[in-house]
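One structure below.
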Amino acid sequence: MSKMSKKKVIGITGSMGSGKSEISRYLRKKYPVLDCDQVNADLLKKGNLGYQKLNDLHIVELDSNGEIIKESLASYMFSNIEHRKQVEAILHPLIFDEMHKWIHEQESLIVFVEMPILFEISAQEHFDSIWCVVADLDVALSRLQTYRNFTREQAMARLVSQMNPEEKMAKSDIVLRNNSTVEQLHMQIEDALKEEKLNGD
């Protein structure tokens, strides 16, 4: 069990386009699932803590309503590794605070947290088990271009900024391979759930 909770806290990670969102959608039928990207988005809303801290440093552009222009923030982060570290050093502690508050509020003995860059920020200690979903590079690129409207260059830039999938797989407790159908991914999720329950809730 996690040091922070009596619940079993399972992290879901993987590179962009690998299928994390589909795993979360499927698991939500039975278990609480927190999307850290959504937590991050909420923190960046006008007046919230992430918004305030970034705006105080004058590293974000605001639209006519005073909201952060997300495309501008993304460009700032992905153009320079130091910029990315600067923003992440502000936002990540806030995300962890929100995550642990959420975990504490859940009644389920098993909870899931979707965290795309779990290993990149050395967040392993927050989880009792880690699931990693992987997809071949061409599959991930195609998904990002189709479903997120990225150009191939934009998709590649984001993928190469993340840890090598082989390294993520080696650090994970369970690996799900998502190069085929949604149904096959769901079957792998059911197998993973059985494995987790065999190890105790």
- Item | Solvent-accessible area, 1.4 Å probe, carbon plus sulfur percent, for region 27-180 | 48 percent
- Using the heavy atoms of the protein chains alone and a 1.4 angstrom probe, what is the accessible area of region 78-175 per residue in square angstrom? 54 Å²
- Item | Spatial separation of Cα centroids for region 103-130 and region 157-184, in angstrom | 17 Å
- Can you list the lysines whose alpha carbon is less than 25 Å from that of K8, not counting same-chain residues fewer than 8 positions off? K20, K29, K30, K101, K168, K171, K194, K197
- From highest to lowest solvent-accessible area (probe 1.4 Å; ligands, DNA and RNA excluded), T146, T13, T181 read T146, T181, T13
- Item | Expected 222 nm ellipticity per residue - DSSP helices of 4 or more, -39500 (n - 2.57), all of the chain, to 500 | -15500 deg cm²/dmol
- Query: Across region 2-46, how large is the tail of the calculated P(r) beyond 15 Å, expressed as a percent of all Cα pairs?
  - Reply: 56 percent
- Roughly how many Å² of R177 are accessible to a 1.4 Å probe, to the nearest 10? 140 Å²
- Kindly report, to the nearest 10 Å², the accessible surface of D97 as traced by a 1.4 Å probe over protein heavy atoms only. 90 Å²
- Note on the structure: Simple spin-label estimate for M169/R148, 7 Å along Cα→Cβ, in nm, reads 2.0 nm
- How high is the relative contact order of the chain, given as a whole-number percent (alpha carbon pairs under 8 Å, six or more residues apart)? 36 percent
- Scattering profile of the chain at q = 0.09, 0.13, 0.15 Å⁻¹ [log10 I(q)/I(0), Debye over alpha-carbon scatterers]: -0.36, -0.75, -1.00
- Sequence neighbours fewer than 8 away in the same chain don't count; with that in mind, list the aspartates and glutamates whose C-alpha is under 18 Å from K45. D35, D37, D56, E61, D63, E67, E71, E88, D97, E98
- Three-way shape label, region 83-201, alpha-carbon gyration tensor, a/c 1.5: oblate
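The values are calculated or read from the model by the stated rules, or taken from the named source; none is laboratory data. Model, not experiment: these values are computed from the prediction. Every residue, glycine as well, gets a Cβ built from its backbone with ideal geometry; the counts of neighbours run over all protein chains shown. Calculation scope for accessible area: heavy atoms of the full protein, side chains included, ligands and nucleic acids excluded. Shrake-Rupley method; radii C 1.70, N 1.55, O 1.52, S 1.80 Å.
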